[in-house]
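The values are calculated or read from the model by the stated rules, or taken from the named source; none is laboratory data. Computed from a prediction, not measured in an experiment: that's the story for all the values here. Please note that ligands, DNA and RNA were not included when accessible areas were found on the heavy atoms of the full protein model with its side chains. Shrake-Rupley method; radii C 1.70, N 1.55, O 1.52, S 1.80 Å.
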Amino acid sequence: DSPRAFWAGLCFWILLCLVAIAVRGIRWEEGLERAQVLLNITPYPDGHPHHRWAWNCFSIHYYLTAAVLWLTESATLICGGRQFIATLAIHLPVYGLTWILTRRVFPAHLAALLGFVGANTVFQSYMPILPWATKATSGIIGMGWAFAVLLAFAAGRWRTAGLLFGLMPMIHLGQWPMILLTTLATLGWLWYRGEREYLKRVLQWAGAGLL
């Protein structure tokens with residue numbers, strides 16, 4: 001299938017995710033609570049677990065959410081925006097990765113649709129696999145970012161893969177170790193095949209992301 005068909009399908013899923021948020025309604029979201037703590041809107045004692053979590057578990061999107069809250073003072077914008085991003089993170093990487101592996105739009109749509117109806121939830125363990133964004137979107141965003149790293153590797157976008165890998169600890173540190181193992185395996189494969197230029201690109205951009 002042509003890249004044009006892929007991009008048309010991607011636009012379809014973006015629109016469908018937006019419609020899904022509108023139909024289900026915007027729900028209260030944990031990122032708003034973290035932003036309120038960071039801005040001292042809802043003050044907690046220094047030793048309170050929620051205060052310690054907000055300040056000591058660094059995630060860049062909490063700070064970005066706090067910046068948006070400071071600028072707009074809109075809980076609706078923050079909760080709706082984060083849930084839209086999380087819904088995209090659930091479905092778009094699956095669609096894109098399937099297209100890269102098959103070069104066919106139909107299997108890509110089918111994979112995204114199966115995720116949309118929750119067919120993959122039977123494989124969840126400690127970290128839940130969800131078809132929809134809930135009040136807890138940080139793990140969903142982290143999972144989507146991890147899938148984006150895999151997508152970039154599968155597409156041979158070595159610089160992008162390295163950069164996304166390097167940035168992932170500040171997106172979701174808890175999900176980074178598995179992507180670290182995957183990246184090390186990919187680097188080993190590139191070394192074995194003698195593709196040192198690709199290896200160098202990944203390492204350079206991963207280093208830039210980690211810095």
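What the table shows:
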{"quantity": "Extension gain (nm, one decimal) between residue 40 and residue 77, 0.36 nm per residue minus Cα-Cα", "calculated": "11.4 nm"}
{"quantity": "Cα centroid separation - the range 35-83 against the range 173-209, whole Å", "calculated": "33 Å"}
{"quantity": "Highest-MSF residue in the chain out of 97, 88, 180 [GNM, Cα springs under 10 Å]", "calculated": "180"}
{"quantity": "Long-range Cα-Cα pairs in the range 1-57 (distance over 15 Å), rounded percent", "calculated": "65 percent"}
{"quantity": "Rounded to whole Å, sorted largest first: equivalent-ellipsoid semi-axes of the range 148-211, Cα gyration tensor", "calculated": "18, 12, 10"}
{"quantity": "Value of relative contact order over the range 160-211, rounded to a whole percent, pairs C-alpha under 8 Å and six or more apart", "calculated": "67 percent"}
{"quantity": "Solvent-accessible area, 1.4 Å probe, carbon plus sulfur percent, for the chain", "calculated": "69 percent"}
{"quantity": "Zero-based 5 Å bins, Cα pair distances in the chain, whole percents", "calculated": "1, 7, 13, 16, 17, 17, 14, 8, 4, 2, 1, 0"}
